[in-house]
Each structure stands twice: as structure tokens, then as C-alpha cells.
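**Q** Here you go, one structure.
The values are calculated or read from the model by the stated rules, or taken from the named source; none is laboratory data. Owing to the predicted nature of the structure, the values given are computational and were not obtained by experimental measurement. Neighbour counts run over all protein chains shown; Cβ positions are idealised from the backbone, glycine included. These accessible areas exclude ligands, DNA and RNA; they are computed on the full protein's heavy atoms, side chains included. Shrake-Rupley method; radii C 1.70, N 1.55, O 1.52, S 1.80 Å.
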Amino acid sequence: MSQPRNPIVLIPARMASTRLPDKPLADIAGAPMIVHVWRRAIEADLGPVAAAAAEPAIAAAVEAAGGRAVLTDPAHPSGSDRIFEALRLVDPQGRHDAVVNVQGDLPTLDPRVLRFALVPLAEPAVDIATLVAETTTEEERQAPQVVKAVVSFAPGARIGRALYFSRSLVPSGAGPHWHHIGLYAYRRAALERFVSLPPGVLERRESLEQLRALENGMRIDAHLVDAVPLGVDTPADLDRARAILGRSATGNRT
């Protein structure tokens, strides 16, 4: 295997959210959040972009903005299962050799950061690529909702092999800790294998899907980026996104 030549970007989205119901359709600067994510993915210019929607309302919002969306089974347990169904629907011929999975709650995502997700796949042995940023506060390091990635970075390197992921603060000892950003690039064959595997022991223990790949000998490499993008999970996050994109709409992007 080598560097993917024909990637596709898929955005899984569903209406169910315990902390922010119907969040894909939340209005931000005059457009639904899912549309902002679609726009950021288009701006990254990695390849075709489609939303993998669990409900017709999400698909309709993307299509109204001029984008492409496909309806997927609302019962899918994870975003990876959703994008795999979407991939088969939009590309049954198997033309796309890699899939970039962009969460539907990252409306302020910098398109340049999105491009970094594919870079680790230049190494033929890598099955899945992802992103990390250094933690900056003790609160971030200790928070169980912040997933920590144990990554082997050589001195000065921006890409390293991910050895483990945890909600606990690992590894021990002096040194940086890496905040995992849940954005992935899969080789197509790796995604197909991944969704065929049963949930792993560590995956169930940590409630972290990516551990299934590691438990089954798949290689994940991580690209280091400068900051964690804003994920919208709460009303307070939504207010922050509205402030950022409201400034952008008036020509004062920061």
C-alpha cells in the first residue's frame, strides 16, 4: 500500500444528542452546523465530500446548501459504521482508496488541519491516521471526556505511532500529554476490516472505539497539530461557535 490517490471525505451526523439535541441543525451565523462542517471539508480540497445522515432533515439541510448527502441506518452504533455504509452507497465501484471521517460537530475546523489527517498514510504500514494536540492545562489532562493518546514521537517529529488511547492520564512520568482529536483517515481496506471486527475488551472498558483497531494489530499513526478544534457538545460550545463564525461572516475571522 502507498499514499492514497483518491480519498473521499464523509461526515457522519445524527440528531440524537443528550447534551444538545438536534445539534446538526443548530443555526450558526445563518446556516445549520452540518453545513458549516461540509463547507470546511470542501475548503480542505481533499476530494469529494458527502454527509452520512441518520435522518432526512440532515440530508435535506446539506442538499439545500448545494452539497451531497446520503441517508444511512439510524441504528448504527458508531460513526465508522455510518461512514462505511455511506461509502458503499456513494462509491460501490471502490474508486476511493481512503476515507476521511470528519465529525459533524466541528463547524470551526481549520481546513488546513483537516489536510494533516491524510499525511500519516504516506507510510505504507499505517492503516488509520488521526490527529493529536498537546494538552495545555491540568484540567484538560485530568478530564475523563478528554481522550489521551499515547504516541511515540521521535524528537522533532510531527507524526508518531499511537500505542494506546485512554480516558485516564497516561503515560506516567515527566513529559507532554496528547489530546486525541477524533478525526480519522482510513485506508478503504482498513475501514472495511475495522467495521467487521467485534468490539474489543479494552474498547468496552475504556468506551473508545479506536482501541478495537489496536487490539487487532492495526496500526494507527497520529499527526501533531497546534490546537484542538472546537467540538460543539453543549449550549456553551454552540455559543462559542456562533461567536467565532459570526465574526467570520462579517469579515473578521480570527
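**Q** Full-extension gain between Arg158 and Arg68, please, as 0.36 nm times their residue separation minus the C-alpha to C-alpha distance.
**A** Taking Arg158 through Arg68 to full extension adds about 29.1 nm, to one decimal.
**Q** Over the Cα atoms of the stretch 104-213, what is the Rg over Rh ratio if Rh follows Kirkwood? Show your work: numbers first, answer last.
**A** Working: Rg = 14.3 Å, Rh = 15.0 Å.
Ratio of gyration radius to Kirkwood radius: 0.95.
**Q** Right, here's the next one. Step through the residues of the stretch 111-117 one at a time and calculate ³J(HN,Hα) from phi using the Karplus curve (6.51 cos²θ - 1.76 cosθ + 1.60, θ = phi - 60°), rounding each to whole Hz and writing x for Gly and Pro.
**A** Once θ is set to phi - 60°, the couplings for the stretch 111-117 become x, 5, 5, 4, 5, 5, 4 Hz.
**Q** Also, I was wondering about something else. Using the Karplus curve 6.51 cos²θ - 1.76 cosθ + 1.60 with θ = phi - 60°, what ³J(HN,Hα) values do you get for each residue of the stretch 170-185, in whole Hz, with x for Gly and Pro?
**A** My calculation for the stretch 170-185 gives 9, x, 7, x, 6, x, x, 10, 10, 7, 6, 9, x, 10, 10, 10 Hz in order.
**Q** Restrict the search to the stretch 40-131; then list the trypsin sites (Lys or Arg not before Pro) that DSSP places in a loop and that have at most 16 other Cβ atoms within 10 Å of their Cβ. Can you show the working numbers first?
**A** Numbers: sites: Arg40, Arg68, Arg82, Arg88, Arg95, Arg112, Arg115; in loops: Arg68, Arg95.
Listed in order of number, the matching sites are Arg68, Arg95.
**Q** Give me the accessible area of Thr72, 1.4 Å probe, in Å² rounded to the nearest 10.
**A** In the full protein context, Thr72 sits at about 10 Å².
**Q** Would you mind checking which residues have amide H under 5 Å from Phe165's amide H? H placed 1.01 Å from N; only 5 or more apart, or other chain.
**A** Amide H to amide H, under 5 Å and 5 or more residues apart or across chains, Phe165 pairs with Val150.
**Q** Compute the Cα gyration tensor for the stretch 1-94, then decide on rounded, prolate or oblate, letting a ≥ b ≥ c be the square roots of its eigenvalues: rounded whenever a/c is under 1.5, prolate when a/b is larger than b/c in the other cases, and oblate in all that remain.
**A** Working: a/c = 1.96, a/b = 1.35, b/c = 1.45.
Oblate, because a/c is 1.5 or more while a/b does not exceed b/c.
**Q** Pick out, in residue order, every one of the chymotrypsin sites (Phe, Trp or Tyr not before Pro) in the stretch 149-216 that is DSSP loop and has at most 16 other C-beta atoms within 10 Å; say none if there are none. Intermediate values should be presented prior to the final figure.
**A** Values: sites: Phe153, Tyr164, Phe165, Trp178, Tyr184, Tyr186, Phe194; in loops: Phe153.
The qualifying sites are Phe153.
**Q** I'd like to know which of Pro171, Val49, Ala86 lies farthest towards the positive end of the charge dipole of the chain, counting +1 on Cβ of Lys and Arg and -1 on Cβ of Asp and Glu.
**A** Toward the positive end, the furthest listed residue is Val49.
**Q** Further question: If you plug each phi of the stretch 201-215 into the Karplus form 6.51 cos²θ - 1.76 cosθ + 1.60 with θ = phi - 60°, what whole-Hz ³J(HN,Hα) values come out, in order, with x for Gly and Pro?
**A** Computed from phi, the couplings for the stretch 201-215 are 4, 6, 4, 5, 5, 8, 6, 10, 4, 5, 5, 4, 5, 5, 5 Hz.
**Q** So what is the calculated 222 nm ellipticity per residue for the chain, using -39500 (n - 2.57) for each DSSP H run with n of 4 or more, over all residues, to the nearest 500 deg cm²/dmol?
**A** Counting only the DSSP helices, I get -9000 deg cm²/dmol.
**Q** Could I ask something else about it? Give the relative contact order (percent, whole number) for the stretch 1-40; include only Cα pairs under 8 Å separated by 6+ residues. Walk me through the intermediate numbers first.
**A** On the way: 22 pairs, mean separation 10.2, N = 40.
After rounding, I find 26 percent.
**Q** Next up: Can you tell me, using C-alpha contacts under 8 Å and at least 6 residues apart, the relative contact order of the chain as a whole percent?
**A** Averaging sequence separation for qualifying contacts and normalising by length gives 22 percent for the chain.
**Q** Placing +1 at every Lys and Arg Cβ and -1 at every Asp and Glu Cβ, with all other atoms neutral, what dipole size does the chain have around its Cα centre, in debye to the nearest 20?
**A** Dipole of the chain, to the nearest 20 debye: 320 debye.
**Q** Give me, ordered by chain and number, the residues 5 or more places off Ala69 or on other chains with an amide H under 5 Å from its own placed amide H.
**A** Those lying under 5 Å, H to H, from Ala69 are Ala51.
**Q** Same structure again: With the Cα gyration tensor of the chain in hand, convert its eigenvalues to equivalent ellipsoid semi-axes via √(5λ) and list them largest first in whole Å.
**A** Working from the Cα gyration tensor, I get semi-axes of 26, 23, 18 Å.
**Q** Let me ask you something else. In terms of the Cα gyration tensor, with a ≥ b ≥ c the square roots of its eigenvalues, is the stretch 57-113 rounded because a/c is under 1.5, prolate because a/b exceeds b/c, or oblate?
**A** Here the stretch 57-113 falls in the rounded category.
**Q** Give me the percent of DSSP beta bridges within the chain that run antiparallel, rounded to the nearest 5.
**A** Bridges in the chain that DSSP calls antiparallel: roughly 60 percent.
**Q** Remind me, relative contact order of the stretch 93-199 in percent, using alpha carbon pairs under 8 angstrom and six or more residues apart?
**A** Normalised by residue count, the contact order of the stretch 93-199 is 36 percent.
**Q** Let me know the shape class of the stretch 34-82, please: from the alpha-carbon gyration tensor, a ≥ b ≥ c as square roots of the eigenvalues, rounded when a/c is under 1.5, otherwise prolate if a/b is greater than b/c, or oblate.
**A** oblate
**Q** Which cross-chain or sequence-distant (5 or more) residues have an amide H under 5 Å from the amide H of Ile181, H modelled 1.01 Å from N in plane?
**A** Sorted by chain and number, the residues that satisfy this are Leu131, Val132, Ala133.
**Q** Now a separate question. Out of Gln3, Gly67, Thr18, whose Cα points farthest toward the positive end of the dipole of the stretch 1-105 (charges: +1 Lys, Arg; -1 Asp, Glu; placed on Cβ)?
**A** Positive-end residue among those listed: Gln3.
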